[in-house]
1. Among (1) over 26 Å from Pro173 (Cα atoms); (2) in contact with a helix residue (DSSP H, G or I) (Cβ under 8 Å, 6 or more places away or on another chain), there is one condition Tyr92 misses while meeting the rest; what is its number?
2. Filter the range 50-63 down to residues that are open to solvent by less than 50 Å² (accessible area, probe 1.4 Å) and within 14 Å of the chain's Cα centre (by Cα) and give me whichever is farthest from Phe194 (Cα to Cα).
3. Go through Gly112, Gly71 for me and flag whichever is within 16 Å of the chain's Cα centre (by Cα), within 23 Å of Lys177 (Cα to Cα) and open to solvent by 10 Å² or more (accessible area, probe 1.4 Å).
4. Conditions first: (1) within 25 Å of Ser40 (Cα to Cα); (2) assigned to a helix (DSSP H, G or I). Met169 passes all but one, so which condition is the exception?
5. If I go through the range 159-175 residue by residue, how many of them are open to solvent by 40 Å² or more (accessible area, probe 1.4 Å) and either under 17 Å from Ser70 (Cβ atoms) or among the hydroxyl-bearing types (Ser, Thr, Tyr) (or both)?
6. Within the range 24-34, identify whether any single residue is on the phi > 0 side of the Ramachandran plot, touching a Lys or Arg at 6+ places or on another chain (Cβ under 8 Å), in a loop (DSSP other than H, G, I, E, B) and not polar (S, T, N, Q), and answer yes or no.
7. Filtering the range 147-158 down to residues that are at pLDDT below 95 and out of contact with any strand residue (DSSP E or B) (no Cβ under 7 Å at 6 or more places or on another chain), which residue is surrounded by the fewest Cβ atoms within 10 Å (Cβ to Cβ)?
8. Is it the case that some residue within the range 70-82 is touching a residue at least 60 places away in the same chain (Cβ under 8 Å), closer than 25 Å to Gly135 by Cα and either in a helix (DSSP H, G or I) or touching a Ser or Thr at 6+ places or on another chain (Cβ under 8 Å) (or both)?
Amino acid sequence: KKIAKLANSKFAVLTDCCSHAIFLSLKYLQSTGEVSIGDSIKIPSRTYVSVPMQIEHAGCRVAMEDVEWSGLYRLENTRIWDSAVRWTKDMYVGNDALQIISFQIKKRIPIGKGGVILTDDEEAARWLKLASYDGRDLSLPYTHEEHVKVCGYHMYMTPEDAARGIILMDNTPEINKDSGCSENYTDLRNIRIFKE
């Protein structure tokens, strides 16, 4: 709730890392039919190496182009935005986007590892929360036969990391410049596994 309020989104779903937030967002869009296995998703060629890896792990194809960006960019053909290096008041882009933020050690909220998905889409937030936490409905006891609602993933943020994040948020200004841009990354098209 604290992150959603700062970002100006309705929901914020915590994950264990930004990379998994991208993966889970892609899996959600596949579950709704917005993205299909084998679809081509275009990203900047100068970004963090895990972004194309998560696209491939989700069963999609990666297309890269040389574009300049600062703070955030859209995974084209989706409503996913990678804003791993943006942390500032009212940062949510709106329009039911699935906007990813990182809490890696070099970011504005340096938990060490962690991510969040901002969205105004209540159905997406519900699915992402379930999927990130082993498909479990946390309102039901672990021993309840119906507590697992979907075949999920073990990608949730621990309560200890979340508590640390709250402390860090309370000591971080609300308005910040982007902490990264395309100039901070190597061209992934030059890395052997991504050569087209």
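1. Of (1) over 26 Å from Pro173 (Cα atoms); (2) in contact with a helix residue (DSSP H, G or I) (Cβ under 8 Å, 6 or more places away or on another chain), only one is false for Tyr92: (1).
2. Among those that are open to solvent by less than 50 Å² (accessible area, probe 1.4 Å) and within 14 Å of the chain's Cα centre (by Cα), it is Ala58.
3. Gly112
4. Checking Met169 against (1) within 25 Å of Ser40 (Cα to Cα); (2) assigned to a helix (DSSP H, G or I), the one that fails is (1).
5. 1
6. No, the range 24-34 contains no residue that is on the phi > 0 side of the Ramachandran plot, touching a Lys or Arg at 6+ places or on another chain (Cβ under 8 Å), in a loop (DSSP other than H, G, I, E, B) and not polar (S, T, N, Q).
7. Cys151
8. yes
The values are calculated or read from the model by the stated rules, or taken from the named source; none is laboratory data. The structure displayed is predicted, hence computed values, not measured ones. No Cβ is skipped: glycine too gets one built from the backbone with ideal geometry, and neighbour counts run over all protein chains shown. Heavy atoms of the whole protein, side chains included, go into the accessibility calculation; ligands, DNA and RNA do not. Shrake-Rupley method; radii C 1.70, N 1.55, O 1.52, S 1.80 Å.
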